[in-house]
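Visitor: Sharing a structure here in structure tokens format.
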Amino acid sequence: QVLLVEAGGGLVQPGGSLRLSCTASRSIFSSFVMGWYRQAPGKQRDMVASITIGGSTNYADSVKGRFTISRDDASNTVYLQMNVLKPEDTAVYYCNAKGVLFGYWGQGTQVTGSS
């Protein structure tokens, strides 16, 4: 079992920045692809960014050039740096760990881009 705990959400004005963090309860980055997903009200949950075991990253087209995913192996933490936030980025953001046999989700953190 892996527990993922997210932090860093909040209210931010359009054009502003936020950094989300996701800390795993144990060392998993050598076995799991880590990702950030988001779900806006009434919409499906979509992938925002992911980072593979080898460190390769992938982004949704809507966030390319604005969001950056990274990880710190020593602290078992994955980050999502979000810059130039837009109102359409408003959603609950979820951390995900995807392994060969198992996957885990965090509890989610709300990000609201509004003036």
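Visitor: How large is ³J(HN,Hα) for each residue in the range 17-30, as worked out from phi by the Karplus curve 6.51 cos²θ - 1.76 cosθ + 1.60 (θ = phi - 60°), to whole Hz, x for Gly and Pro?
Guide: Result, ordered by residue: 10, 9, 10, 8, 10, 9, 10, 8, 6, 8, 6, 10, 5, 7 Hz.
Visitor: Using a 7 Å offset from the Cα along the Cα-to-Cβ direction at both Ser17 and Gln110, what is the distance between the two label points in nm, to one decimal?
Guide: My value for the distance between the label points is 2.5 nm.
Visitor: Rank by packing, highest mean first: peptides 39-48, 3-12, with packing defined as the count of other Cβ atoms within 10 Å averaged across residues.
Guide: For the peptides 39-48, 3-12, the packing ranking is 3-12, 39-48.
Visitor: How long, wide and thick is the chain, going by the Cα atoms along their three principal axes, in whole angstroms, largest first?
Guide: Computed over the Cα atoms, the extents are 40, 26, 23 Å.
Visitor: Any idea which of Asn96, Ser30, Leu85 is furthest toward the positive side of the dipole for the range 22-115, if Lys and Arg beta-carbons carry +1 and Asp and Glu beta-carbons -1?
Guide: Positive-end residue among those listed: Asn96.
Visitor: Where is the GNM fluctuation largest for the chain (alpha-carbon springs, 10 angstrom cutoff): Arg66, Arg38, Arg19?
Guide: Arg66
Visitor: Excluding same-chain residues fewer than 8 positions from Lys64, which aspartates and glutamates have a Cα within less than 20 Å of its Cα?
Guide: Excluding near neighbours in sequence, the set is Asp46, Glu88, Asp89.
Visitor: Return an integer: the convex hull volume of the alpha-carbon atoms of the range 1-43, in Å³ per residue.
Guide: 123 Å³
Visitor: Hey, rough spin-label estimate for Asp73 and Met47, points 7 angstrom out along Cα→Cβ, what's it come to in nanometres?
Guide: Distance between label points: 2.2 nm.
Visitor: Next question. Roughly how big is the chain's charge dipole about its Cα centre, with Cβ charges of +1 (Lys, Arg) and -1 (Asp, Glu), in debye to the nearest 20?
Guide: 80 debye
Every number here is computed from the coordinates shown, using simple stated rules; none is lab data. Quick caveat, the model's predicted, so the values are computed rather than measured. For neighbour counting, all protein chains shown are included, and Cβ atoms are generated from backbone atoms with ideal geometry for every residue, glycine included.
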